[in-house]
Amino acid sequence: MANIVIVGTQWGDEGKGKIVDLLAEHADYVVRFQGGNNAGHTMVVDGEQFISHLIPSGILQGKACVIGNGLVVDPEVLLEEIDYLSGKGIAVGPEELKISEKAHLIMPYHKRIDAARENAALKNNKIGTTGRGIGPCYEDKAHRCGIRFVDLLNTAGFEEKVRTVCKEKNFYLTQFFSEDPMDAEDIINKYNVYQKRLAPYITDISVYIDKGIKAGKQVLFEGAQGTHLDIDHGTYPFVTSSNTVSGNACSGGGVGPKKISGIVGIVKAYTTRVGKGPFPTELFDEIGDKIQKTGAEFGATTGRKRRCGWLDTVILNNAVRLNSLTGLVVTKLDVLDDLDTIDICTAYDYKGTRIEDFPADLDVLAECKPICETLPGWKENISKIRKYDDLPQNTKNYLKRIEELTETKIDIVSVGPGREETIILNNIFD
Ligand code: GDP
Ligand code: IMO
Ligand code: MG
């Protein structure tokens with residue numbers, strides 16, 4: 001039996017949704033363990049596109065899906081997503097979806113504070129958040145005034161908590177941002193309606209997953225965001241507010257580390273970033289524009305244009321180490337089909353010194369110039385290829401070089417958004 005963690009290796013949007021959907025065929029449970037509806041995971045099945053923000057991408061394969069305790073959940077968005085999927089004939093009842101009683105609720109004041117902070121911040125201090133209230137909700141979790149799903153089940157306790165927290169938030173909103181206050185009673189009424197629909201989904205997911213594993217079920221843990229958006233290891237402060245690395249699959253999914261058998265890092269064949277923050281291999285020329293257009297690089301959550309650049313193995317090696325990756329999945333390789341040459345960054349030049357480890361100091365990072373190797377392109381449409389041996393030699397050379405530079409094997413190559421547009425090299429669940 002195998003339990004596999006999937007994480008993003010770059011700055012998110014690596015194609016985790018597609019790969020989780022693909023691998024969910026072999027899993028019984030699919031578990032999200034961190035983040036919230038800042039995530040946008042895209043799946044394309046029989047030409048139809050689905051985007052999920054909260055519900056694990058295993059839902060399309062009819063697998064039991066779990067929202068772990070490590071998430072921050074906007075109940076309004078979750079209900080919209082349940083209705084959207086149900087409207088497409090996909091079962092999303094309490095049998096198919098479990099929500100951790102310990103997951104935190106995103107409250108309306110979290111979204112207001114997220115937006116107010118971004119509006120008030122000076123240009124260079126803006127994080128470019130998704131505006132979904134993620135940071136303020138995790139803040140309250142750490143501050144110990146967060147509201148959890150288990151609180152939703154205790155009406156009197158829930159109402160008292162909302163009234164108490166709202167007082168403090170209103171002081172902050174009105175006195176610091178000169179904004180209108182929020183009405184605690186409105187929030188309570190709204191959330192009591194959500195409670196009625198969501199109560200049957202709320203459970204102890206740690207017990208649920210443990211029973212499943214003991215009964216021989218296989219679990220796929222679906223990461224959101226990417227390693228370089230991790231609150232500890234990313235380009236702080238231009239990061240999200242949770243740990244995105246594989247270790248958090250355990251704390252955020254309610255299992256111990258001995259239950260994990262494989263950790264797969266999703267690598268886009270080039271690099272993208274949405275929102276603010278450093279990006280050493282970013283391209284500002286026509287090649288960057290071409291990759292952005294060919295790759296249709298627009299955020300699945302906010303619709304913002306994604307910044308594009310060359311593959312960076314300094315950050316990949318950071319991800320290999322921080323996540324203990326056992327394998328890689330290279331996605332969007334087809335987007336590079338038409339390029340004459342392709343660069344791979346292998347190190348940084350910092351004021352004449354070669355750096356191979358990703359620096360924590362953003363002032364140092366800002367001075368780092370990528371040192372690149374240039375490989376010939378393949379100038380061929382690879383999107384119809386389904387076998388590794390049928391790939392052009394230059395494509396194989398590019399993949400081999402990624403394996404060499406990261407000292408990690410590639411298990412899957414993705415050559416299009418569709419579930420079938422995939423080349424399997426190793427069976428991850430074996
Ligand atoms: P995630 O957040 O990691 O799940 O990734 P997103 O869904 O935000 O962004 C990835 C985008 O690339 C989506 O539009 C996918 O449909 C698309 N995609 C995934 N794999 C491939 C691929 O191999 N080739 C192409 N052309 N598109 C892909
Ligand atoms: P998926 O799961 C790409 C980025 C935001 C912003 C920063 C902080 O689809 O890969 P937040 O709202 O989390 O406080 O914003 O993190 N960000 C993402 N970028 N993909 C994501 O998720 C992201 N989730 C957050 O753009 O820079
Ligand atoms: Mg995404």
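The values are calculated or read from the model by the stated rules, or taken from the named source; none is laboratory data. Keep in mind the model is a prediction, meaning the values are calculated, not measured. Don't worry about glycine lacking a Cβ; one is built from the backbone with ideal geometry, like all the others, and counts go over all protein chains shown.
Could you please let me know if residue 60 is touching a strand residue (DSSP E or B) at 6+ places or on another chain (Cβ under 9 Å) and away from ligand 2 (no atom under 12 Å from the Cβ)?
Spelling it out, residue 60 is indeed touching a strand residue (DSSP E or B) at 6+ places or on another chain (Cβ under 9 Å) and away from ligand 2 (no atom under 12 Å from the Cβ).
Among the listed residues 67, 6, which satisfies the condition of being within 12 Å of ligand 2 (Cβ to nearest atom), among the aliphatic types (A, V, I, L, M) and either at pLDDT below 95 or surrounded by 24 or more Cβ atoms within 10 Å (Cβ to Cβ) (or both)?
6
Report the residue count in segment 298-326 for those that are in contact with a Cys (Cβ under 6 Å, 6 or more places away or on another chain) and within 16 Å of ligand 1 (Cβ to nearest atom).
The number of residues fulfilling the criteria is 0.
Under 7 Å between Cβ atoms, which residue pairs at least 6 apart in sequence (or on different chains) link something in segment 404-430 that is among the acidic types (Asp, Glu) with a partner that is part of a strand (DSSP E or B)?
Here the result reads 411/264; 411/327; 411/328; 411/329; 421/414, each pair linking segment 404-430 to a residue that is part of a strand (DSSP E or B).
Checking residue 116 against (1) away from ligand 1 (no atom under 16 Å from the Cβ); (2) at pLDDT 95 or above; (3) assigned by TED's automatic domain parsing to the domain that holds residue 247, which test does it fail?
(3)
For segment 136-152, how many residues are in contact (Cβ under 8 Å) with a residue 24 or more places away in the chain, out of contact with any helix residue (DSSP H, G or I) (no Cβ under 6 Å at 6 or more places or on another chain) and not hydroxyl-bearing (Ser, Thr, Tyr)?
Residues flagged as in contact (Cβ under 8 Å) with a residue 24 or more places away in the chain, out of contact with any helix residue (DSSP H, G or I) (no Cβ under 6 Å at 6 or more places or on another chain) and not hydroxyl-bearing (Ser, Thr, Tyr) within segment 136-152 amount to 6.
Give all pairs with beta carbons closer than 8 Å in which a residue from segment 165-181 that is of a type in the set (Val, Ile, Thr) meets a residue that is surrounded by 12 or more Cβ atoms within 10 Å (Cβ to Cβ) and assigned to a loop (DSSP other than H, G, I, E, B); count only pairs at least 6 apart in sequence or on separate chains.
The qualifying pairs are 165/107; 165/145; 165/147; 174/181.
Which residues, taken from segment 36-71, are in a strand (DSSP E or B), within 29 Å of residue 210 (Cβ to Cβ) and away from ligand 3 (no atom under 16 Å from the Cβ)?
64, 65, 66, 67
Between residues in segment 275-291 that are in contact (Cβ under 8 Å) with a residue 60 or more places away in the chain and residues that are of a type in the set (Gly, Ala, Ser), which pairs lie under 7 Å by C-beta distance while being six or more apart or on different chains?
275/128; 276/128; 278/366; 279/309; 281/309
Counting only residues that are surrounded by fewer than 21 Cβ atoms within 10 Å (Cβ to Cβ) and more than 12 Å from residue 221 (Cα to Cα), which one in segment 249-271 is nearest to ligand 3 (Cβ to nearest atom)?
Taking the candidates together, the pick is 257.
Among the numbered criteria (1) touching a helix residue (DSSP H, G or I) at 6+ places or on another chain (Cβ under 7 Å); (2) within 26 Å of residue 101 (Cβ to Cβ); (3) more than 9 Å from ligand 1 (Cβ to nearest atom), which one does residue 62 miss?
Failing condition for residue 62: (1).
Of all residues in segment 16-36, count the ones that are within 12 Å of ligand 2 (Cβ to nearest atom) and over 18 Å from residue 253 (Cβ atoms).
Going through segment 16-36 one residue at a time, the tally reaches 1.
State which residue is surrounded by the fewest Cβ atoms within 10 Å (Cβ to Cβ) when the search covers only segment 77-105 and only residues that are among the small types (Gly, Ala, Ser) and within 19 Å of the chain's Cα centre (by Cα).
In this case the residue turns out to be 103.
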